[in-house]
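To keep things clear, I will list the structure first and then write my remarks on it.
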Amino acid sequence: MGIELDFSVVLERWHSLLDGAVLTLELAAIAVVLGGIIGALGAIGRRGSNALIARICGIYVEGIRNTPLLVQIFLVYFGLASLGLKFSAFTVAAVALTINVGAYTTEIMRAGFDSIHKGQIEAAEGLALSKAQIYWHVVLWPAVERVYPALTSQFVLLMLASSVTSQISAEELTAVANYIQSETYRSFETYIVVALIYIALSLVMRLGFWVIGQLLFPRRRRLGTPL
Amino acid sequence: MGGALNINHLIFLGHGALWTIGLSLIALIGGGTVGFLIALCRVSPLRTVRLAAGTYVQLIQGTPLLVIMFLSFFGLAAIGFNISPLLAAGASMTIYVAAYLGEIWRGCIEAVPKPQWEAAEGLALSRTQRMVKVILPQAIRIATPPSVGFMVQIIKNTSLASVVGFVELARSGQIINNSLFEPFLIYSIIAVIYFALCYPVSRLSRRLELSASQKKPALA
């Protein structure tokens with residue numbers, strides 16, 4: 001049987017694809033920044049002395065990590081709507097992705113915090129640093145440096161997972177693809193092109209994180225304990 | 001809320017949950033088999049084989065599972081292959097899981113200390129014998145906790161099969177919601193069921209990880 005592939009009808013809609021790709025990166029950027037902050041706070045909360053906060057953070061992490069993103073998106077989308085709060089699909093997508101990646105980041109950051117040797121903190125205490133100073137200089141940044149590879153893989157996975165927000169019609173790349181294929185009847189070609197764009201996006205993200213890593217952590221530490 | 005939700009709906013959700021488990025098992029068996037081959041190819045002495053397997057992993061890990069689902073269901077239909085939602089979902093999950101498990105298991109094979117290879121070589125074992133008798137038994141032990149952990153991802157990701165009309169847990173929730181319009185209640189129930197499926201697996205994975213780190217072999 002003859003299969004004729006025609007990529008031209010898909011490729012001539014490159015501007016919609018570009019818009020979708022940009023929106024995908026925007027969603028990922030918002031979720032990475034906000035999720036990163038949630039992750040750092042969550043990890044501090046989980047390891048803190050307040051048992052109630054530690055427990056709440058634990059429930060958040062386990063609840064998010066053991067349910068599908070698709071269901072979380074539906075819950076946020078329809079849950080907010082049933083409370084009478086109307087938000088754009090983009091806002092809901094950003095919120096859901098942030099909540100999702102925040103839980104994973106919390107776990108990764110906690111592993112990073114746990115990897116900081118107790119002696120380091122005692123030494124900082126000996127130097128009369130305040131608790132905040134210790135967390136910032138001695139715990140947070142060295143921890144981030146150690147878990148940086150795991151963090152960035154998680155963020156690339158998040159960018160790919162943002163495709164799920166097409167199900168509530170956030171106009172990101174996959175939603176654009178669904179639209180194009182329903183218009184052109186060229187589903188196979190459309191999704192091939194879109195898959196290639198996602199692969200390109202993940203390469204771009206990895207390259208970007210590598211550059212950021214080089215800038216943030218200029219001295220290559222020799223770590224005795226690989227994570 | 002939920003006045004119209006009755007026992008039939010819950011039975012329907014139960015069927016969906018069974019299909020979620022079924023699809024997870026299909027993905028685990030299919031993806032595990034292909035992933036094992038991928039892992040072996042990744043450590044092959046032949047450069048081309050390593051390169052081919054590496055390319056596969058890079059391509060699949062750079063593509064969202066949702067797009068793979070769309071590609072195998074709508075894409076193949078558009079060029080003349082009509083396949084059922086079960087086949088499309090099963091194949092997509094297999095392709096996806098194989099790339100990730102392949103990469104996890106490659107790491108585990110490489111984590112077996114180098115002297116083990118050298119010792120096996122010194123005993124004049126062939127490459128196959130070295131692999132089967134010396135390396136794999138140790139790699140499997142290293143691989144168990146992360147593989148069980150990845151099982152949680154598999155269970156959660158089967159929810160994406162709903163987009164090709166495969167009636168698993170998420171899709172059966174959507175169908176019920178279409179008739180009742182109680183989204184908050186229904187999706188909460190769905191989330192709780194997923195949690196009940198995934199959490200024990202998460203716990204098991206963590207327990208395995210803890211016990212593995214406690215009795216770390218004094219090799220290397």
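Does B:Val67 satisfy the criteria of being free of Cβ contacts under 8 Å to residues at least 12 places away in the same chain, of a type in the set (Val, Ile, Thr), part of a helix (DSSP H, G or I) and within 14 Å of chain A (Cβ to nearest Cβ)?
On the way: free of Cβ contacts under 8 Å to residues at least 12 places away in the same chain: yes; of a type in the set (Val, Ile, Thr): yes; part of a helix (DSSP H, G or I): yes; within 14 Å of chain A (Cβ to nearest Cβ): yes.
For B:Val67, the condition - free of Cβ contacts under 8 Å to residues at least 12 places away in the same chain, of a type in the set (Val, Ile, Thr), part of a helix (DSSP H, G or I) and within 14 Å of chain A (Cβ to nearest Cβ) - is met.
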**OP:** Scan segment A:116-134 and give yes if some residue there is touching a residue at least 60 places away in the same chain (Cβ under 8 Å) and either crowded, with 18+ Cβ neighbours inside 10 Å or not small (Gly, Ala, Ser) (or both), otherwise no.
**Re:** no
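Would you check if A:Gln167 is more than 11 Å from chain B (Cβ to nearest Cβ) and either assigned to a helix (DSSP H, G or I) or in contact (Cβ under 8 Å) with a residue 24 or more places away in the chain (or both)? Please lay out each step first, then the result.
On the way: more than 11 Å from chain B (Cβ to nearest Cβ): no; either assigned to a helix (DSSP H, G or I) or in contact (Cβ under 8 Å) with a residue 24 or more places away in the chain (or both): yes.
Taking the combined requirement at face value, the residue does not satisfy it.
Modelled with pLDDT of 90 or more, under 21 Å from B:Gln61 (Cβ atoms) and either out of contact with any helix residue (DSSP H, G or I) (no Cβ under 7 Å at 6 or more places or on another chain) or charged (D, E, K, R) (or both): which single residue out of A:Leu151, A:Leu157 fits that description? First the steps, then the outcome.
Numbers: A:Leu151 fails: either out of contact with any helix residue (DSSP H, G or I) (no Cβ under 7 Å at 6 or more places or on another chain) or charged (D, E, K, R) (or both).
Only one candidate qualifies: A:Leu157.
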Original post:
B:Leu13 versus (1) within 14 Å of chain A (Cβ to nearest Cβ); (2) under 21 Å from the mean Cα position of the chain (by Cα); (3) in a helix (DSSP H, G or I): which is the lone unmet condition?
Top reply: (2)
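Within segment B:190-205, restricting attention to residues that are more than 7 Å from chain A (Cβ to nearest Cβ) and in contact (Cβ under 8 Å) with a residue 24 or more places away in the chain, which residue is farthest from the chain's Cα centre (by Cα)? Before you say what the answer is, go through the steps one by one.
First, the residues of segment B:190-205 that are more than 7 Å from chain A (Cβ to nearest Cβ): B:192-193, B:196-197, B:200-201, B:203-205.
Remaining after also requiring in contact (Cβ under 8 Å) with a residue 24 or more places away in the chain: B:193, B:197, B:201, B:204-205.
Working: B:Ile193: 19, B:Leu197: 14, B:Val201: 13, B:Leu204: 16, B:Ser205: 14 Å.
The qualifying residue farthest from the chain's Cα centre (by Cα) is B:Ile193.
Within 30 Å of B:Val43 (Cα to Cα), at the interface with chain A (Cβ under 8 Å from one of its Cβ atoms) and either surrounded by 14 or more Cβ atoms within 10 Å (Cβ to Cβ) or among the aliphatic types (A, V, I, L, M) (or both), is that true of B:Val152?
Working: within 30 Å of B:Val43 (Cα to Cα): yes; at the interface with chain A (Cβ under 8 Å from one of its Cβ atoms): yes; either surrounded by 14 or more Cβ atoms within 10 Å (Cβ to Cβ) or among the aliphatic types (A, V, I, L, M) (or both): yes.
Here the answer is yes, as B:Val152 does meet what is asked.
So which residues in segment B:115-129 are without any contact (Cβ under 8 Å) to a residue 12 or more places away in the chain and over 21 Å from B:Thr33 (Cβ atoms), if there are any at all? Break it down into steps so the answer makes sense when it comes.
We begin by selecting, within segment B:115-129, every residue without any contact (Cβ under 8 Å) to a residue 12 or more places away in the chain; these are B:118, B:121-126, B:128-129.
Within segment B:115-129, B:Glu118, B:Glu121, B:Gly122, B:Leu123, B:Ala124, B:Leu125, B:Ser126, B:Gln129 meet the criteria.
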Subject >> B:Ala139, sole failed condition from (1) more than 10 Å from chain A (Cβ to nearest Cβ); (2) surrounded by fewer than 19 Cβ atoms within 10 Å (Cβ to Cβ); (3) hydrophobic (A, V, I, L, M, F, W, C) >> reply: (2)
Original post:
Which one of the conditions (1) in a helix (DSSP H, G or I); (2) farther than 30 Å from B:Ala4 by Cα does B:Tyr194 fail to meet, given that it meets all the rest?
Top reply: (2)
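Can you give me the ranges of the helices (runs of 4 or more DSSP H) entirely in segment A:10-99 with at least 2 residues that are surrounded by fewer than 19 Cβ atoms within 10 Å (Cβ to Cβ), more than 14 Å from every other protein chain (Cβ to nearest Cβ) and at pLDDT 95 or above?
Numbers: elements: A:14-47, A:51-65, A:69-82.
Once the helices (runs of 4 or more DSSP H) in segment A:10-99 are filtered for at least 2 residues that are surrounded by fewer than 19 Cβ atoms within 10 Å (Cβ to Cβ), more than 14 Å from every other protein chain (Cβ to nearest Cβ) and at pLDDT 95 or above, what remains is A:14-47, A:51-65.
The values are calculated or read from the model by the stated rules, or taken from the named source; none is laboratory data. These numbers were taken from a predicted model, which means no experiment stands behind them. Here Cβ is always computed from backbone atoms with ideal geometry, including for glycine, and neighbour counts include all displayed protein chains.
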